[in-house]
């Protein structure tokens, strides 16, 4: 690097690469959120751990006693994973282990 700082000339429409990356990332995050909103319509549960969020149609949370204390085993079936870097967000089943809180919210009733 030559020590120059690139400053965009907004009037000319120039942008430095950091601004372009920030804009692309923001667009990608908006697309991911839009995908989440659409996917939420077909799932029964929203699950949130410290690391990420999930949508699933079946959830089983089991507290386990380990040598370091209590942890949770969370088994999800028919899952959508809210993770930007993941290529395939739909998976048939996943198991999560968490030493922190696991939040489960029912999205729709059984009558729907």
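The values are calculated or read from the model by the stated rules, or taken from the named source; none is laboratory data. This structure is a prediction, so every number in the text was calculated from the model and none was measured. Using ideal geometry, Cβ is built from the backbone for each residue, glycine included, and neighbour counts are taken over all protein chains shown.
Points worth noting:
- Whichever residue in the stretch 72-99 is surrounded by 10 or more Cβ atoms within 10 Å (Cβ to Cβ), part of a loop (DSSP other than H, G, I, E, B) and in contact with a strand residue (DSSP E or B) (Cβ under 9 Å, 6 or more places away or on another chain) and, among such residues, is modelled with the highest pLDDT: 99
- The set of residues from the stretch 38-60 being assigned to a strand (DSSP E or B) and within 13 Å of the chain's Cα centre (by Cα) comprises 46, 47, 48, 53, 54, 55, 56.
- Figure legend. Inter-residue proximity from the stretch 37-55: first residues closer than 13 Å to residue 97 by Cα, second residues surrounded by 10 or more Cβ atoms within 10 Å (Cβ to Cβ) and at pLDDT below 90, beta-carbon distance below 6 Å, spacing 6+ or different chains. Indicated pairs: 52/82; 52/83.
Okay, residues lined up against (1) in contact with a strand residue (DSSP E or B) (Cβ under 8 Å, 6 or more places away or on another chain); (2) surrounded by fewer than 15 Cβ atoms within 10 Å (Cβ to Cβ):
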{"site": "34", "(1), (2)": "no, yes"}
{"site": "41", "(1), (2)": "no, yes"}
{"site": "45", "(1), (2)": "yes, no"}
{"site": "49", "(1), (2)": "yes, no"}
{"site": "55", "(1), (2)": "yes, no"}
{"site": "59", "(1), (2)": "yes, no"}
{"site": "63", "(1), (2)": "yes, yes"}
{"site": "70", "(1), (2)": "yes, yes"}
